Amino acid sequence: MSSPIIDTHQHFWDLSTGTYPWMAGDEMRPLRRNFGPQDLQPLLVENGISATIVVQCRHDLAETRDLLAIAAAYDVVIGVVGWVDLEAVDVPGQIAALRALPGGDKLVGIRHNVHDEPDGEWLCRPGVQAGVAAVISAGLTFDLLVRSRELPAATGLVRRYPQGRFVLDHLAKPPIAEGFSPAWHQALEALAQSDNVWCKVSGLVTEAAPGASVDTFDPYTHMALSVFGEARLLFGSDWPVCTLAATYAEVKAIAERLVATRPELAARFFHLNAIDAYNLG
């Protein structure tokens, strides 16, 4: 592809610095080692990726500080979606402190692992919404890590703050292995009606049955295009989580199928939409 490609969703972690409860279980065993820029860089070169946005995996300011340090050291990392305690009273202070660090100028967004909260209405809590309002006031994007259960609360949130920028991760993790879900589809359509929400075509391979063929994902990627449109879709690899089910190249191939006959969409999907969603400038 002639246009630059931005991978809007990848992760790094160092298991010596903290715990990742979501990595428990035998199926997650391959992920229980350190993953850093030295592991990703060869894959970026092989797949023609120009830049990445690294995304938090842990509810811990220390992890975000580590990711900003990586961003400061590696030009290929052009953005960090970090974490702050949204229910704390000092969200603006937390953001200011992160921005003051080396790499702080690359803080482009904030995320919380909402789908791991016991309360499906967590995003409706007044304290959480005040925290999201502070994120928006700081000029940052808020990433929505939700499944079908939390989609209605996410829809309420984005409608309450139409001036904010929101990015839905992984198409809200459709239950691909279980078959098409009308409830997921309807909730996704409702969220997409708000034009301040972008959507990442990412994280699909780990929601499918083992050994799923590449065309398994076509209905989901085309559905995302139909509800979000050409101006609000983003490419993300979800590396290294994706390696539980597919290689980086296989994930990119799924995305390329969506734009194979739409060259005008390719530039937006792989590059320009990321600039808009994360205000990259």
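Quick notes on this one:
- Rounded to 5, percent antiparallel among DSSP beta bridges of the chain: 5 percent
- Remark: the SER16-GLU230 segment gains 72.9 nm on full extension, using 0.36 nm per residue and subtracting the alpha carbon distance.
- Cβ charges +1 (Lys, Arg) and -1 (Asp, Glu), total dipole of the range 88-139, debye: 260 debye
- Peptides 4-14, 82-92, 211-221 ranked from most to least packed by the mean count of surrounding Cβ atoms within 10 Å: 4-14, 82-92, 211-221.
- Converting phi to 3J(HN,Hα) with the Karplus coefficients 6.51, -1.76 and 1.60 and the offset θ = phi - 60°, the range 241-251 yields 4, 4, 5, 5, 10, 7, 7, 4, 4, 5, 5 Hz in sequence order, with x at every glycine or proline.
- Taking every alpha-carbon pair under 8 Å whose residues sit at least 6 apart, the range 71-148 reaches a relative contact order of 37 percent.
- Note, ³J(HN,Hα) from phi for the range 208-213, Karplus 6.51, -1.76, 1.60, rounded to Hz, x at Gly and Pro: 9, 5, x, x, 4, 6
- For LEU234, residues with placed amide H under 5 Å, excluding near neighbours: CYS199, LYS200, VAL201
- Those lysines that a straight Cα-Cα span of less than 18 Å connects to LYS252, excepting residues fewer than 8 apart in one chain: LYS173, LYS200
- Placing R0 at 25 angstrom, the Cβ-Cβ distance between LEU101 and ARG125 gives a FRET efficiency of 0.30 after rounding to 0.05.
- Hydrodynamic radius by Kirkwood, which averages 1/r over all alpha carbon pairs of the range 201-281, in angstrom: 13.0 Å
- FRET efficiency estimate (nearest 0.05) - Cβ-Cβ, SER213 to ASP90, R0 41 angstrom: 0.25
- Between ALA260 and ARG33, the FRET efficiency estimated from the beta carbon spacing at R0 = 30 angstrom works out to 0.30.
- Count Lys and Arg as plus one, Asp and Glu as minus one, and take only other residues whose Cβ is under 12 Å from that of THR64; the net charge is then +1.
- Set of aspartates and glutamates near LYS106 by C-alpha distance (under 17 Å), chain-local residues within fewer than 8 positions excluded: ASP7, GLU63, ASP66, ASP75, ASP143, ASP276
- MRE, 222 nm, helices only [DSSP H, n ≥ 4, -39500 (n - 2.57), over the chain, to nearest 500]: -10000 deg cm²/dmol
- Taking the chain and dividing mean pair separation by its residue count, relative contact order in percent (alpha carbons under 8 Å, at least six apart): 19 percent
- Exposure proxy for VAL45, VAL81: other Cβ atoms within 10 Å of each Cβ, ordered fewest to most, give VAL45, VAL81.
- Net charge of neighbours whose Cβ lies under 14 Å from the Cβ of ALA277, counting Lys and Arg as +1 and Asp and Glu as -1: -1
- Charge-dipole axis of the chain as Lys and Arg at +1 and Asp and Glu at -1 on Cβ define it, positive-most pick from ILE254, SER226, LEU15: SER226
- Net charge dipole, the range 107-204: roughly 200 debye, given to the nearest 20, about the Cα centre with Cβ charges of +1 for Lys and Arg and -1 for Asp and Glu.
- For the range 29-79 versus the range 112-148, the gap between their alpha-carbon centres in whole angstrom: 23 Å
- Here the chain is assigned +1 on the Cβ of each Lys and Arg and -1 on the Cβ of each Asp and Glu. Its dipole about the Cα centre then comes out at about 360 debye.
- Correct option for P(r) over Cα pairs in 5 Å bins from 0, in percent [calculated from the coordinates] among (1) 1, 5, 10, 13, 13, 13, 12, 10, 9, 7, 4, 2, 1, 0, 0, 0; (2) 1, 6, 13, 18, 20, 19, 14, 7, 2, 0; (3) 1, 6, 12, 16, 18, 16, 13, 10, 6, 2, 1, 0: (2)
- A Gaussian network model of the chain, with springs between Cα atoms under 10 Å, assigns the largest mean-square fluctuation among LEU168, LEU144, LEU225 to LEU225.
Since every read-out is calculated from the coordinates, none of them should be taken as a lab result. These numbers were taken from a predicted model, which means no experiment stands behind them. Ideal geometry is used to build each Cβ from the backbone, glycine not excepted, and the neighbour counts take in all protein chains shown.
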